[in-house]
Amino acid sequence: MATCSSGDYLVIPRNCHISVISALVLSGAVPKYIVPEYNSVWDIAGGVTPLQVEKALKELRKDGKKIAAVLVTSPTYHGICSDVQGIVDVCHPLRVPVIVDEAHGAHFKFHDSFPSTAIEQGADLAVQSTHKVLSSLTQSSMLHMAGGLVDADKVSQCLQLLQSSSPSYLLLSSLDAARAQLTENPRSFDEPVAMALETKEQLSIIPGVSVLDLSSFFSDFPAMDPLRITLSASDLHLSGYEADDILAEEHQIVSELVGTQAVTFAVNLGTRWQDVQNLVQSAKHLSEKYFSAKEYRSGKHNYVRSPLDKFTVKLTPREAFFTKKRRVCIEDSLGEVCGELICPYPPGIPVLIPGEVVTQHSLSYLINVRDQGMTISGAADGELNSIMVCNL
């Protein structure tokens, strides 16, 4: 809201967080989507590239549209970082500010092995969820600002408009405590980094187990958060959900994020050596049980198509939000304009956004992840038997 007025264009990745769509409703900004590279074997989207941003800006300028800002998610939930510096170099000559959703990168400043922070790479605004990898209380976060492209007074006005007039001093003091912890213990992340690197090495040599790295993508993404460990047991003919269920129920291992093909684990300041050793041993048990048996279980090794690559926008998110709606059976919703935000959670990446046309492709993906046990967020009908569509 500090950068966009109603009708301005905001360039965003199609795999942005659900909160970005909420911001479009509040601000009235119009999204210009960039589709990130997508790996169908892993069912994981990567970041966006400077070339993609440059192309989007050229298209908008050619059409005479007002470009308010570019928003990038870096790192993603899986730890994949975009070339923020390269994106800044594309945007700043045009006086376009760069906003970075750095929710999962609040720790990047505090170890040499971590990627560069968004602010270090020239971003104008960076939002960090301090509570995610650092140790402040849940819901506490920080907004960092640099440069002169964004009006600091406007940011303050927007915060006053959007935030509670009764702030929680428990949350504020926990942010200060998290800062103090890292000031007093500047090498806090030495052990977590060592744990994560060793764990990845041990997992990668287990038969039938794969570990996500930058080589999984064609794009030249500059870095990946070493504290995120994403593994796949698809060569064992296990989906991400099945592997996660076995690890949780039989080995009491709690993951950070589950997908159709992979499971992600987060190492942080509270992780112990015995925790990562349990993960490695449990992965070995998975391999021994399912790899040696050499059972091919038909239907359990399907590669899914990206939910992100085909969409048609009829209304802006704000227009769709305020349009009257009706509920229809999901089978009857094809071709209708979606009236609600529908996304699997975690990681909170929308598959259908208010104002988009409902397609068979998006419905098939949603029903697939629903049937595999993932929670569907945003929909009035969590079972997805019905869907809210716009009356046009």
In the set 213, 190, 244, which member is open to solvent by 40 Å² or more (accessible area, probe 1.4 Å) and under 25 Å from the mean Cα position of the chain (by Cα)? 213
List every residue pair whose Cβ atoms sit under 7 Å apart, with the two residues 6 or more apart in sequence or on different chains, where the first one lies in the range 174-187 and is touching a residue at least 60 places away in the same chain (Cβ under 8 Å) and the second, anywhere, is assigned to a helix (DSSP H, G or I) and open to solvent by 60 Å² or more (accessible area, probe 1.4 Å). 182/110
If I filter the range 105-138 down to residues being part of a helix (DSSP H, G or I) and open to solvent by 20 Å² or more (accessible area, probe 1.4 Å), which single residue comes out as nearest to residue 169 (Cα to Cα)? 131
For the range 172-182, check the following and say yes or no: at least one residue is modelled with pLDDT of 95 or more and in a loop (DSSP other than H, G, I, E, B). no
Which numbered condition in (1) of a type in the set (Asp, Glu); (2) touching a Ser or Thr at 6+ places or on another chain (Cβ under 9 Å); (3) under 18 Å from residue 290 (Cβ atoms) is the only one that residue 245 fails? (2)
For residue 368, indicate whether it is at pLDDT below 85 and over 18 Å from residue 322 (Cα atoms). yes
Quick check: is even one residue across the range 344-363 assigned to a loop (DSSP other than H, G, I, E, B), at pLDDT below 95, more than 30 Å from residue 234 (Cα to Cα) and open to solvent by 40 Å² or more (accessible area, probe 1.4 Å)? no
Here the residues within the range 7-22 that are at pLDDT 95 or above and farther than 12 Å from residue 70 by Cα are 7
Filtered residue count, the range 118-154, keeping only those that are more than 24 Å from the chain's Cα centre (by Cα) and of a type in the set (A, V, I, L, M): 3
The residue from 264, 260 that alone is in a loop (DSSP other than H, G, I, E, B), in contact with an Asp or Glu (Cβ under 6 Å, 6 or more places away or on another chain), closer than 30 Å to residue 87 by Cβ and open to solvent by less than 10 Å² (accessible area, probe 1.4 Å) is 260
When the residues of the range 364-380 are narrowed to those that are in contact (Cβ under 8 Å) with a residue 40 or more places away in the chain and open to solvent by less than 30 Å² (accessible area, probe 1.4 Å), which ends up farthest from residue 244 (Cα to Cα)? 366
Within the range 80-97, of all residues that are touching a Gly at 6+ places or on another chain (Cβ under 9 Å) and assigned to a loop (DSSP other than H, G, I, E, B), the one nearest to residue 125 (Cα to Cα) is 97
Looking at (1) open to solvent by 30 Å² or more (accessible area, probe 1.4 Å); (2) within 18 Å of the chain's Cα centre (by Cα), which is the one condition that is false for residue 74? (1)
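For every residue, the table says whether it meets (1) under 20 Å from residue 266 (Cα atoms); (2) in contact with a helix residue (DSSP H, G or I) (Cβ under 6 Å, 6 or more places away or on another chain); (3) not acidic (Asp, Glu).
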{"position": "204", "(1), (2), (3)": "yes, no, yes"}
{"position": "211", "(1), (2), (3)": "yes, yes, yes"}
{"position": "218", "(1), (2), (3)": "no, no, yes"}
{"position": "232", "(1), (2), (3)": "yes, no, yes"}
Top-ranked residue of the range 216-235 - restricted to ones that are outside any loop (DSSP other than H, G, I, E, B) and at pLDDT 95 or above, ranked as farthest from residue 193 (Cα to Cα): 232
Against the condition closer than 30 Å to residue 160 by Cα, among the aliphatic types (A, V, I, L, M) and either touching a Lys or Arg at 6+ places or on another chain (Cβ under 8 Å) or free of Cβ contacts under 8 Å to residues at least 40 places away in the same chain (or both), how does residue 51 come out, does it pass? no
Among the residues of the range 269-294, which ones are surrounded by fewer than 17 Cβ atoms within 10 Å (Cβ to Cβ) and not in a helix (DSSP H, G or I)? 270, 272, 292, 293, 294
In the range 37-65, residue nearest to residue 210 (Cα to Cα) [restricted to those that are of a type in the set (Gly, Ala, Ser) and either at pLDDT below 95 or crowded, with 20+ Cβ neighbours inside 10 Å (or both)]: 40
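The values are calculated or read from the model by the stated rules, or taken from the named source; none is laboratory data. The model shown is predicted, which means the values in this text are computed figures rather than measured ones. Cβ sites come from the backbone with ideal geometry, for glycine too, and all protein chains shown count toward neighbours. Please note that ligands, DNA and RNA were not included when accessible areas were found on the heavy atoms of the full protein model with its side chains. Shrake-Rupley method; radii C 1.70, N 1.55, O 1.52, S 1.80 Å.
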